[in-house]
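Notes follow once the structure below has been shown.
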Amino acid sequence: MDRSSITGIVLIIVILIGYSLLTKPSREEMAEQKRIADSISMVRFQEAAALAETNKPDTVILSTENTQTATTHKVQNNVDYGIYSSGLEGENAFYTLENEILKLRISKKGGKPYSVELKDYQTHDSLPLYLFEGDVNQFGLEFFSDGKTIKTNELYFDLAEGTENMVITTSPRSLVMRLNVDSFGAYIEYKYTLNPDSYLMDFDLRMNGMDSYRTDNVQLRFEIYSPQHEMGRQNEQSYTNLYYRYHDGDIEKFKMRSKKDLQNITEPTKIQWLAYKQQFFSSIILSEEKSFEGGYMSSELLPEGNKYLRHFDSELNIPYDRTSDFAMPIKFYFGPNHFQTLKKIGFRLDELVTIGGSIIRVLNAFVIIPIFNWLNNYIGNYGLIILLLTLIIKTALFPLTYKSYLSQAKMRALKPEIDEINKKIPKDKAAERQQATMALYRKVGVNPMGGCLPMILQMPILYAMFRFFPLSIELRQESFLWAHDLSTYDSILNLPFTIPMYGDHVSLFTLLMTVSTMASMKLNSNPTGMDNQMPGMKGMMYIMPVMFMLILNNFSSGLTYYYFLANIITLGQNYLFKQFIDEEQLRKKLHAKKAKAKTKSKFKQRIEDAAKQRGYNLPKK
């Protein structure tokens, strides 16, 4: 890299930093923005903390087999709920429903999932991993009944009579929570059933006798604050989003980068499932038989300094038909975004693992992921798996790499002729130079794009990897060399300041990737000396690797490790090609082809002879 190239790259970085500093709000403005952003999202947290302080538990109840726990306290609410008012006063309790991999705490207040813990996973700082936890999250029915607006999230449920021991005696394990409305048998019932070794949970909703109280406009409210689990907040937040699918139809998602996304689904529209998706985990509500009839959804991006990434809130319309005994089977999925696991469930849930669209998704789903899983069956070290995966891919692409190198070698072999054309035609006649150069290429049968086309054909593979590695939960918290987690960045140095786009740390695999990319470009550049005609192109050539370094510094170290390996293997292949391809002999062959092109072929000669016999005078060239 010459002095001009280095100067150009440094100037670009300085301009980016200067622009960021000039447009950065003042400390007072940032404080005011943070205060406004926090005021809305934090009010719920303060209310929940105040409620917990007022209603401290005074007893703890444990079952004999220690599979059911409860914390009790008394609460009284003076809101007029009519016939439902008896449910405003009660004692809260928590019941544990768990299998080998999933643990749920069901609250008596609201009869709702109070917390969901994934037992096989931890946060980046080795704490238990909860998809959601606490009173700040809401779940329950909201409807009109007997002239009043009812929210079951504020009412106390009881264990259904005769089911007190179901949670500890049956397999699959079930828990039935019931809100008794009157003494005549009207009730609302939630039945939770958890199968062994499964992230999928059945949720059976039943409304018995509710038609007697003019019940209407029934909605299922599901609201959570999505906590941060990974080390890189910015990267994790970019993959945290709300998805939903129309009944047997398309999948939609909210725009990730907007601070607040609101979307109303009209009543006739049927929704099959809704997912609050994070980078590696999701909370999904799914209706197999009776789809939700539209509703309301929102997703709010929460500011820096908050332990939560996003605030999700949805109100899904229940197809309540006003019968005396209405039932609706629903399923929950609380678990990892594992491609094969979600694919087995069906309903296109595997598309939550956003591994690309069209050809990129085909490559990942039918090539990359199967090879990765096959290697994973025999090898436990994911650094070695990525190495072998890279070797397999580069071997498959070997013919394209060879063709690209051969095309560049041909152009290098023609460099003396190109230099001669440049001497004859002055610089100010660039069009004539180009025409003469292209005429030479045609005569010797060289395609100047021959080196680019094989590289373009390899781009889908590169982009497929770009989508695959950051979302591969298999790489999460797996270490290799100095990288302690291949799913996030491999910081070797924390900076005392933040560089725009780059971040506040130095990722070694990203640096190695950048250096190896520049080395590869340097070795393969300027095959014909055409860069001398456009000096600016020499500096521009190195801007792309620098931009990728800035962007990928916060990405998965597994991704930058793969790119680094691919560059090293490409350099090795080019060295091998150089040993077997004699450019001097190649030049002689091209000149022989050029001389042969001047001689008319036998077929062309016969055509001309036949034309002359018929009296046609062919135009002279």
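The values are calculated or read from the model by the stated rules, or taken from the named source; none is laboratory data. On a predicted model such as this, the values are computed, not experimentally measured, just so you know. When we count neighbours, we look across all protein chains shown, and the Cβ atoms used for this are built from the backbone with ideal geometry, even at glycine.
Can you list the helices (runs of 4 or more DSSP H) lying wholly within region 382-440 that have 3 or more residues being more than 17 Å from L457 (Cα to Cα) and under 45 Å from the mean Cα position of the chain (by Cα)?
Values: elements: 382-396, 398-413, 415-424.
Answer list for region 382-440: 382-396, 398-413.
Residues in region 255-282 that are modelled with pLDDT under 85 and either hydrophobic (A, V, I, L, M, F, W, C) or buried (at least 23 other Cβ atoms within 10 Å of the Cβ) (or both) were compared, and the one that is nearest to L118 (Cα to Cα) is M256.
Just one residue in the set L462, L457 is modelled with pLDDT under 85, within 24 Å of G356 (Cβ to Cβ) and not small (G, A, S); that residue is L457. Within region 297-325, the residues that satisfy the criterion of being of a type in the set (A, V, I, L, M, F, W, C) and touching a Ser or Thr at 6+ places or on another chain (Cβ under 9 Å) are M297, L301, L302, L309, F312, L316. For the residues T215, T149, the requirement of being of a type in the set (S, T, N, Q), more than 22 Å from Y95 (Cα to Cα), modelled with pLDDT under 90 and surrounded by fewer than 20 Cβ atoms within 10 Å (Cβ to Cβ) singles out T149. Of all residue pairs spaced 6 or more apart or on separate chains, those with beta-carbon atoms under 7 Å, a first member in region 535-560 that is over 19 Å from L493 (Cα atoms) and aliphatic (A, V, I, L, M) and a second member that is surrounded by fewer than 20 Cβ atoms within 10 Å (Cβ to Cβ) and at pLDDT below 70 are M537/D531; M541/S525; I543/I9; I543/I12.
Among the candidates F372, F469, which residue alone is touching a Ser or Thr at 6+ places or on another chain (Cβ under 7 Å) and under 30 Å from Q279 (Cβ atoms)? Before you say what the answer is, go through the steps one by one.
On the way: F372 fails: touching a Ser or Thr at 6+ places or on another chain (Cβ under 7 Å).
When all the criteria are applied, what remains is F469.
Considering (1) free of Cβ contacts under 8 Å to residues at least 40 places away in the same chain; (2) surrounded by fewer than 19 Cβ atoms within 10 Å (Cβ to Cβ), the lone condition that K307 does not fulfil carries the number (1). Does G356 satisfy the condition of being part of a loop (DSSP other than H, G, I, E, B), farther than 30 Å from F184 by Cα and within 17 Å of the chain's Cα centre (by Cα)? It is true that G356 is part of a loop (DSSP other than H, G, I, E, B), farther than 30 Å from F184 by Cα and within 17 Å of the chain's Cα centre (by Cα). In region 501-524, the residues that are within 15 Å of I543 (Cβ to Cβ) reach residues that are surrounded by fewer than 17 Cβ atoms within 10 Å (Cβ to Cβ) and at pLDDT below 85 with C-beta atoms within less than 8 angstrom, at least six apart or across chains, in these pairs: M501/L16; M518/M1; K522/M1. Filtered by the rule that a residue be among the basic types (K, R) and not in a strand (DSSP E or B), region 85-125 gives K108, K112.
Conditions (1) touching a residue at least 24 places away in the same chain (Cβ under 8 Å); (2) closer than 29 Å to R476 by Cβ; (3) in contact with a Pro (Cβ under 9 Å, 6 or more places away or on another chain); (4) not in a strand (DSSP E or B), marked per residue:
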residue	(1), (2), (3), (4)
E315	yes, no, no, no
M328	yes, no, yes, no
F347	yes, yes, no, yes
D350	no, yes, no, yes
A365	yes, yes, no, yes
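In region 189-197 there is no residue that is in the same structural domain as H311 (by TED's automatic domain parsing), crowded, with 19+ Cβ neighbours inside 10 Å and at pLDDT below 90.
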